[in-house]
Amino acid sequence: MLKDLEKLRGHWPEHVIKQQENWIGKSEGTEVVFKLGDFPIRVFTTRADTLFGVTFISVAPDSEIIDEILNFLSEDAKKRVIEYINRSLIKSPDERQKGKTGVFTGLYAEHPFTREKIPIFVADYVLGEYGTGAVMGVPAHDQRDFEFAKEHNLPIKVVIFPEKNEGEEFEEFLRCMYVETESENFSVEYKGKRYIFQPQRAYELKGVLKASGEFTGLRSDEAIKKIEERLSEMGLGGPKVSYRIRDWLVSRQRYWGAPIPIIHCPNCGEVPDENLPVLLPETEKFLPQGRSPLEDVPEFINTTCPKCGGPAKRDPDTMDTFVDSSWYFLRFTDPKNDKEMFDVEKVNVWMPVDQYIGGAEHATKHLIYARFITKVLYDEELLKEDEPFKNLFTQGLVLKKFWWSPVHLKSFPNPEDVEYRDGKPYLKSDGTPLEERLEMMSKSRGNVVPLGSFVDNYGADAARVAILFAAPPDMDFEWTDAIATSAIRFLNRIWRVFYSLYEGGIRGEVEPDFSDKEFLANFNDLISGIRKDYEKFKFNTAIAKLMEALNLFEDSKISDKTKGWFANIFIRLLAPIAPHIAEELFHQFKLDEIFGTESVFRSPLPEPLEGISRELIEIGVQINGKFRGTIMVPLSADESEVLEAIKRDEKLSRYITGEVKKVIYVRGRVVNIVL
């Protein structure tokens with residue numbers, strides 16, 4: 001899973017790849033065993049060089065070893081610790097990270113080298129998904145541990161020191177571990193100033209070990225290797241690779257989902273149900289009541305054991321719907337197959353998916369599950385490819401403002417319920433303060449624009465144009481009434497222009513009047529640009545060019561033949577953005593007869609005329625806002641083509657001295673490159 005992300009680099013968004021890398025979470029480090037009696041507490045660390053600075057051990061409330069820890073406790077201590085665990089587990093991981101709460105268990109573990117007794121805490125800032133869910137607390141050299149130690153009055157042992165008593169690393173060490181003093185009783189003097197030992201924060205840089213037994217004097221990296229060797233010899237740890245990713249729990253107590261084909265027999269145990277598929281029963285009692293609703297459907301839950309023929313029960317759980325969404329695209333290749341999930345020959349004709357479009361919020365959910373299932377099927381030799389999606393495009397979210405009441409614990413999406421005083425929102429009805437929020441549209445928040453009523457009033461094309469024109473499709477944007485108004489105005493304008501042409505007797509033409517050279521050259525550039533925008537999913541700039549084409553048409557004096565050709569081209573360029581109005585105009589202007597097809601979508605996307613082009617134009621070049629010269633480029637050139645032309649220019653290229661962060665191109669006029 002991790003290694004094969006390299007196959008996707010350049011074809012998937014980098015931020016999705018990074019999220020999956022972090023979710024899988026490979027860490028190379030050291031396992032260290034601290035003994036609690038005969039029970040080994042295994043901790044994973046990437047800084048074994050700090051091992052002699054351990055002053056406590058923290059165990060996550062959801063650690064895999066928490067039950068073993070509880071078994072060592074007295075009834076009173078166990079009750080106290082369980083109460084803390086229960087309070088911790090209702091917090092989100094983010095909430096747990098904010099505080100540094102914990103409870104001392106009264107237990108001590110043995111340090112593998114010094115044999116010191118190390119106190120054991122249960123602390124919610126430690127997450128069960130990291131390593132074994134237990135960490136060694138080194139407050140002098142880990143900031144989270146430092147904050148915990150300060151909160152619980154635990155000792156701070158400094159065991160990593162800078163190599164030199166001068167320079168940036170030494171000065172950072174002073175800032176972390178010392179405070180300036182005027183007293184004669186000082187610890188360190190540096191550059192005429194006196195310092196006393198009083199730790200302020202963790203010193204997290206590597207350095208030289210001190211007070212570390214046989215490893216004293218070694219540099220951090222060398223010490224880590226030596227410590228790993230000794231731990232291996234002692235049977236108390238060694239080198240370790242840890243992964244953050246955990247097993248995938250696929251069962252749940254819900255009605256919706258694929259039934260689990262297992263039969264529970266009191267005589268035979270768990271028996272696979274070979275009568276596939278197992279279908280959900282039709283029932284009105286599908287809401288959970290503290291257990292799976294399928295348990296309350298006797299005609300489903302009660303069955304016969306296929307092994308012994310005795311009475312048995314079906315499994316009442318269903319599989320998480322992510323299981324189904326992890327392979328549904330494979331089913332599209334053979335949707336009517338009632339014998340198997342798909343025919344192997346058919347699926348391998350189509351797979352992998354050439355272009356997948358989905359939300360970035362699925363980066364560590366559906367997209368990672370789909371990759372996993374695909375690899376399982378590849379290992380079973382059912383698929384010839386081990387990645388499901390060649391190319392991935394992640395669309396942004398549509399956001400809408402609403403107001404949240406921390407008093408009423410509910411959202412207020414209607415602006416009429418809100419008043420502002422001194423720039424702050426309040427609820428009109430009772431004057432309680434509100435929080436203004438801008439988040440993804442959601443029924444639970446109430447910040448939705450009902451699609452049905454919007455389409456009824458303005459049409460589906462208006463909704464499409466509004467959304468696609470608002471921002472690049474891979475970016476989030478805020479929905480406002482102004483966005484919808486602009487889209488409606490554009491579509492109305494198209495209808496007026498084409499209605500006027502139709503009333504004037506204009507119909508579609510296959511070719512223009514080639515004497516309209518200036519118009520054809522300008523429109524040709526726009527055709528080329530719109531095609532490029534569609535290929536790159538830059539729908540907002542494609543719509544801008546369609547608007548520009550309409551302006552060009554209305555401002556030009558051209559023959560009726562060229563008008564008919566323009567109608568032919570414009571209608572087909574418009575179709576991906578506004579299919580309904582384009583389909584209507586396609587027939588009105590007799591393009592169905594020209595192309596011999598019943599739909600605009602059966603006709604080809606227009607291509608630029610051959611042999612028609614504008615002369616090169618001169619544009620200004622700014623780099624970081626400073627004018628550096630001019631360059632000649634085709635009018636149809638986009639941002640990337642202009643940038644490449646500048647990089648090839650002998651004089652201008654020398655000003656590009658670093659990474660290009662942004663290119664702002666006003667077509668035909670000026671380009672500004674931000675480094």
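For this structure, a couple of remarks:
- Farthest positive-ward along region 167-240 dipole, Cα basis, beta-carbon charges - from Val188, Tyr178, Gly237: Gly237
- Taking the Cα centre of the chain as origin and assigning +1 to Lys and Arg Cβ atoms and -1 to Asp and Glu Cβ atoms, the resulting dipole is close to 1300 debye.
- Inter-part distance where region 219-280 and region 600-675 are each reduced to a Cα centre, Å: 53
- Label-point separation, Ala471 to Leu279 (7 Å along Cα→Cβ), nm: 4.5
- Whether region 447-584 is rounded, prolate or oblate, judged on the alpha carbon gyration tensor where a/c under 1.5 counts as rounded: prolate
- Here the sum of -39500 (n - 2.57) over DSSP H runs of 4 or more residues, divided by the residues of the chain, equals -10000 deg cm²/dmol at 222 nm, to the nearest 500.
- Alpha-carbon centroid distance for the pair region 414-452 / region 517-564, whole angstrom: 41
- A protection proxy built from the mean count of other Cβ atoms within 10 Å ranks the segments 639-649, 385-395, most packed first, as 385-395, 639-649.
- Taking each residue as 0.36 nm, the span from Val344 to Glu229 lengthens on full extension beyond its C-alpha to C-alpha distance by 36.4 nm.
- P(r) for the chain, from all Cα pairs and a bin width of 20 Å, is 12, 31, 36, 18, 3, 0 %, short bins first.
- Region 534-675, relative contact order in percent, only Cα pairs under 8 angstrom and at least six apart counted: 16
- Global form of region 527-675, assessed from the alpha-carbon gyration tensor, a/c cut-off 1.5: prolate
- Between Ser183 and Lys336, the FRET efficiency estimated from the beta carbon spacing at R0 = 60 angstrom works out to 0.10.
- Length gained when the stretch Glu584-Asn302 is fully extended (0.36 nm per residue, less Cα-Cα span): 95.8 nm
- Here His264 sits with roughly 60 square angstrom of accessible surface, probe radius 1.4 Å.
- Shape category assigned to region 18-132 from the gyration tensor of Cα positions, a/c cut at 1.5: oblate
- Applying a DSSP loop filter and a limit of 16 other Cβ atoms within 10 Å to the trypsin sites (Lys or Arg not before Pro) in region 199-236 leaves Arg201, Lys210.
- Measuring nothing but how far apart in sequence close Cα pairs (under 8 Å, 6+ apart) lie, relative to its length, the chain scores a relative contact order of 8 percent.
- Pairwise FRET efficiency - Gln198 versus Val448, Cβ, R0 = 60 Å, nearest 0.05: 0.65
- Model label zone, Arg669; criterion: amide N under 19 Å from point 7 Å along Cα-to-beta-carbon; scope region 537-554: 541-553
- Kirkwood radius, region 115-267, all distinct C-alpha pairs, inverse of mean reciprocal distance: 19.6 Å.
- Gap separating the Cα centres of region 120-182 and region 357-395, nearest whole Å: 41
- Counting only Cβ charges, +1 for Lys and Arg and -1 for Asp and Glu, the dipole size of region 400-488 around its Cα centre is about 200 debye.
- Chain lengthening between Asn624 and Ile90 when straightened (0.36 nm per residue, less Cα-Cα): 187.3 nm
- Separation of the Leu399 and Arg648 label points, Cα + 7 Å toward Cβ, nm: 4.0
The values are calculated or read from the model by the stated rules, or taken from the named source; none is laboratory data. This is a predicted model, so every value here is computed, not measured. Note that we place each Cβ from the backbone using ideal geometry, even for glycine, and neighbour counts take in every protein chain shown. Heads up: the accessible areas ignore ligands, DNA and RNA and are worked out on the full protein's heavy atoms, side chains in. Shrake-Rupley method; radii C 1.70, N 1.55, O 1.52, S 1.80 Å.
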